[in-house]
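Reviewing the structure listed below.
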Amino acid sequence: MTPMTPMTPPYTPAARRPVKVAAWSLFCPAGIGEAGLQGGQPGKVPAFKARAWVKDRKSLKLMGRSVQLGVAAVRAVLDGVPGWDEVPPSRRGIFVGASPQLGDPDDLSYALKAASPTGTFDLQKFAEDGIDLIHPLWLVRGLSNNVVGFASAFHDLQGVNANYCDGRLSGWNALTEGYAAVAEGRADIVVAGGADAFVGADELLGVPCGEAAAFVVFQAADGGEDLEMGDCPELTDVESTLGYLGAAAAPVAWVRRFAGGAAQDS
Amino acid sequence: MSKLAEDAVVVTGMGAATAAGLGVAALRDALLADRFCGTAWNGALPVPVVGSCPDPLPPDAHFPDDRKAWLAFAAAAEAWQQAGARDVPSDRRAVFLGTGLSSVTPEELETDLYPHLGADGRFDRAAMGRDLSRDRGAPRRHMPARVTAALRERFEAEGPSGTSFSACAAAAQAIGEGLLALRRGEADIALVGGHDSMIHPLGMLSFVVLGALSPSRCRPFDPSRDGFMIGEGAGMLVLERASSAKARGATIFAELAGVGSSVDAWNATAPHPEGAGAELSMRRALRSAGLPPESVDYVNCHGTGTPLGDRAESLAVARLFGERAVAVSTIKGAVGHTIAAAGAVEAVASVLALHHGFLPGCVGHGDLDPGLPVDVVATCRNQAPQVVLSNSFGFGGQNCTLAFVRGPDT
């Protein structure tokens, strides 16, 4: 039998430990990193090149825009924590808020064309002739938990985890549960945040849209002060500036509040 | 079981909608009889059988054409009614739900996508957005948290809530969230579970092109296994502390003693070949429950009947339990793989096993693959387990294990 993986005892409220933010990352229409802390307008993350952040080209092909942003932001936030890779993989957690993508419709285009030789859609032909023209990973590309899947594989994050789909509150659930996982001793380090991309969906949603990803690393603050998470930020404030950000809205707002506040304090 | 702690989290309500039919009793009877619940699929896709709920589902005016929502509502109503906890203040009621990709109907393919396919084979996304922005049901139907919100409204739950989306681990994750919320004292009662239906052309097609569906039938842990039968369903549990359940004389069906999760950190669709993540998830659940591996009598496996998945899980089980061959089976051969709902439907099956004293058989299993070091319960066994683990593993590598313990009333 393999030896037991090192784990802390079952959680009891009395065993809570203080938590700190070891690093944060921010990719939003105002910019990347500190450039994203203020201002901005709805739209794309300026100067974001997914290839600069995701070296594995094969994986990159399987990622939609929001997943690219999320995976990049996870890498960026871990880059800001010296020694994070000394934590055992089973003690590294990941909590993400993200929307499902329903796959990329372009993956269906050849099958749809094959299903309409006379200009009229024919479901029977779609099934018979189109099936071999669909990318095998069409379903997988649309999964909401792709940031968890890819980022965990890249950084060997094997610990406690969750992926939330609660609209604009998805990212907030990820932050609070990621915080709790460290506080309760279920992980020693947790990457938590959200990612979403709605650029081009303005007419569909009826509001200006943007794209973003923001993550923090929670770590035990042994002997230090416990982080005050505060309430969920007012999301209409950040979205009136940056556009609808879906699951990324709360992490973006929280990081801008936390890091912006920290900058002002210093 | 030993004396139940006052703050233990227990199951006092269950609901199910599966290929066995509407209701927990239908699922129980099917499991006791080793009944194969699949039905022939006569669509254009190369899918021979599906695990479709055979009973009419009460439709919902707010969720037209949304079968997976109807499944959730039916199971939730059954669980809530059985628990009968009407006096819990609304701000102390939690809802955690696991869900999956929404269904895309043939009508949506035809009316929402096809008209915007250009001659160059690319979609005019702006035109598609303009079209969908009109007051149509489809875009709203694709919002995963809608059903969670509807359940909160129906059961007047204003406490914590969340919608887990971790592929086939989603419902188990949601049940685990409920356990944590109760342990933390954030709620006094939690409606938890999951729902899904991928029995629609695009859903099935997605699994066909992945090569995950069996071209014949699901044969878990069998040397000839070649994939799963697609199913649909919902499972719901009502969780509360033992103290409140005992105070109002509620039937305690089982204790939800622990939850464990892990990530394979390996591959988008394939499991870790040695089942490292699966093992960690089970160990975590036991640790969370304060139980040693020796206490486990039965593992309700994820057991999809895929060559890689069954092998990885078997290796994980073998490492965890050592030379002691713990009984394992999966109900996916009977009711199909209910995808995001699997963790909840199988949690209900695990609680049924504890409450009624049986080990579900492994419908579809013929011979044991000699490469799998596990003790498969081939047919329903009259044996009362004390501790049951229920495994759920999803695409993306997310794993979740629930640890249930036999309740005092059984």
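The values are calculated or read from the model by the stated rules, or taken from the named source; none is laboratory data. Predicted, not measured: the structure shown is a model, and the values here were computed from it. Cβ atoms come from the backbone with ideal geometry, glycine included; neighbour counts cover every protein chain shown.
Of note:
- Among the residues making up region B:160-193, those that are within 10 Å of chain A (Cβ to nearest Cβ), in a loop (DSSP other than H, G, I, E, B) and small (G, A, S) are B:S166, B:G185.
- In this structure, A:R92 does not qualify as at the interface with chain B (Cβ under 10 Å from one of its Cβ atoms), closer than 15 Å to B:F395 by Cα and charged (D, E, K, R).
- Test: residue in region B:358-371 that is in contact with a strand residue (DSSP E or B) (Cβ under 6 Å, 6 or more places away or on another chain), within 10 Å of B:N300 (Cβ to Cβ) and at pLDDT 95 or above: yes
- Of the set (1) under 18 Å from A:G97 (Cβ atoms); (2) at pLDDT below 95; (3) away from chain B (no Cβ under 14 Å), all apply to A:D222 but (1).
- Contact annotation: residue pairs with Cβ atoms under 6 Å, 6 or more positions apart or on different chains, pairing a residue in region B:52-70 that is closer than 23 Å to B:V24 by Cβ with a partner that is of a type in the set (K, R) and assigned to a helix (DSSP H, G or I), are B:D66/B:R141.
- When A:D156 is tested against the conditions (1) out of contact with any Pro (no Cβ under 8 Å at 6 or more places or on another chain); (2) on the phi > 0 side of the Ramachandran plot; (3) within 8 Å of chain B (Cβ to nearest Cβ), the lone failure is (1).
- B:A79 vs. criteria touching a His at 6+ places or on another chain (Cβ under 7 Å), modelled with pLDDT of 95 or more, away from chain A (no Cβ under 11 Å) and not in a loop (DSSP other than H, G, I, E, B): no
- In region B:328-374, the residues that are of a type in the set (D, E, K, R) and surrounded by 24 or more Cβ atoms within 10 Å (Cβ to Cβ): B:K332, B:E346
- Restricted to region B:25-45, and to residues there that are among the charged types (D, E, K, R) and assigned to a loop (DSSP other than H, G, I, E, B), the residue that is nearest to B:A378 (Cα to Cα) is B:D34.
- Verdict on A:V199 being more than 7 Å from chain B (Cβ to nearest Cβ) and surrounded by fewer than 21 Cβ atoms within 10 Å (Cβ to Cβ): yes
- Across region B:203-226, the number of residues qualifying as more than 27 Å from B:L97 (Cβ to Cβ), small (G, A, S) and out of contact with any Pro (no Cβ under 7 Å at 6 or more places or on another chain) comes to 3.
- Conditions (1) within 14 Å of another protein chain (Cβ to nearest Cβ); (2) touching a residue at least 40 places away in the same chain (Cβ under 8 Å); (3) among the acidic types (D, E): number failed by A:E34: (1)
- Only one entry of B:A79, B:A94, B:A149 meets the criterion of being buried (at least 20 other Cβ atoms within 10 Å of the Cβ) and out of contact with any helix residue (DSSP H, G or I) (no Cβ under 7 Å at 6 or more places or on another chain), and that entry is B:A79.
- The residues of region B:188-198 that are touching a Lys or Arg at 6+ places or on another chain (Cβ under 8 Å) and either β-branched (V, I, T) or surrounded by fewer than 24 Cβ atoms within 10 Å (Cβ to Cβ) (or both), listed by number, are B:D188, B:I189.
- Reported count of residues in region B:210-221, each being crowded, with 20+ Cβ neighbours inside 10 Å and either under 26 Å from A:L108 (Cα atoms) or among the hydroxyl-bearing types (S, T, Y) (or both), is 3.
- When residues in region B:260-317 are screened for being free of Cβ contacts under 8 Å to residues at least 40 places away in the same chain and farther than 15 Å from B:F395 by Cα, 6 of them pass.
So that you can scan it fast, the table gives a plain yes or no per residue for (1) within 15 Å of A:P18 (Cβ to Cβ); (2) in contact (Cβ under 8 Å) with a residue 60 or more places away in the chain; (3) of a type outside the set (D, E):
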| site | (1), (2), (3) |
| --- | --- |
| A:G171 | no, yes, yes |
| A:T176 | no, no, yes |
| A:A181 | yes, yes, yes |
| A:A187 | yes, yes, yes |
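- When residues of region A:229-266 are limited to those that are at pLDDT 90 or above and over 19 Å from the mean Cα position of the chain (by Cα), the one nearest to A:W172 (Cα to Cα): A:D231
- Flag for B:S261 being more than 23 Å from B:L368 (Cα to Cα), in contact with a Phe, Trp or Tyr (Cβ under 9 Å, 6 or more places away or on another chain) and surrounded by 24 or more Cβ atoms within 10 Å (Cβ to Cβ): no
- Unique match (being in contact (Cβ under 8 Å) with a residue 60 or more places away in the chain, surrounded by fewer than 24 Cβ atoms within 10 Å (Cβ to Cβ) and at the interface with chain B (Cβ under 7 Å from one of its Cβ atoms)) among A:P136, A:P105, A:P100: A:P100
- Enumerated helices (runs of 4 or more DSSP H) restricted to region A:1-89, each holding at least 2 residues that are at pLDDT 95 or above and not small (G, A, S): A:50-53, A:65-79
- A count restricted to region B:313-327 and to residues that are more than 14 Å from chain A (Cβ to nearest Cβ) and either at pLDDT below 95 or touching a helix residue (DSSP H, G or I) at 6+ places or on another chain (Cβ under 6 Å) (or both) stands at 1.
- The requirement of being in contact (Cβ under 8 Å) with a residue 60 or more places away in the chain, under 18 Å from the mean Cα position of the chain (by Cα) and under 30 Å from B:D7 (Cβ atoms) is not satisfied by B:A157.
- Number of residues in region B:250-271 that are of a type outside the set (A, V, I, L, M, F, W, C) and modelled with pLDDT under 95: the value is 3.
- Elements of the type strands (runs of 3 or more DSSP E) sitting completely within region B:218-327 and holding at least 2 residues that are within 18 Å of B:A347 (Cα to Cα) and among the hydrophobic types (A, V, I, L, M, F, W, C): these cover B:232-241, B:254-263.
- Selection from region B:379-410 of residues that are closer than 17 Å to B:K332 by Cα, touching a Gly at 6+ places or on another chain (Cβ under 6 Å) and part of a loop (DSSP other than H, G, I, E, B): B:T379, B:C380
- Enumeration of residues in region A:71-89 that are in contact with a Lys or Arg (Cβ under 9 Å, 6 or more places away or on another chain) and within 13 Å of chain B (Cβ to nearest Cβ): A:D85
- Candidate set: region B:375-400, residues that are out of contact with any Phe, Trp or Tyr (no Cβ under 9 Å at 6 or more places or on another chain) and within 14 Å of another protein chain (Cβ to nearest Cβ); chosen: the one surrounded by the fewest Cβ atoms within 10 Å (Cβ to Cβ): B:F395
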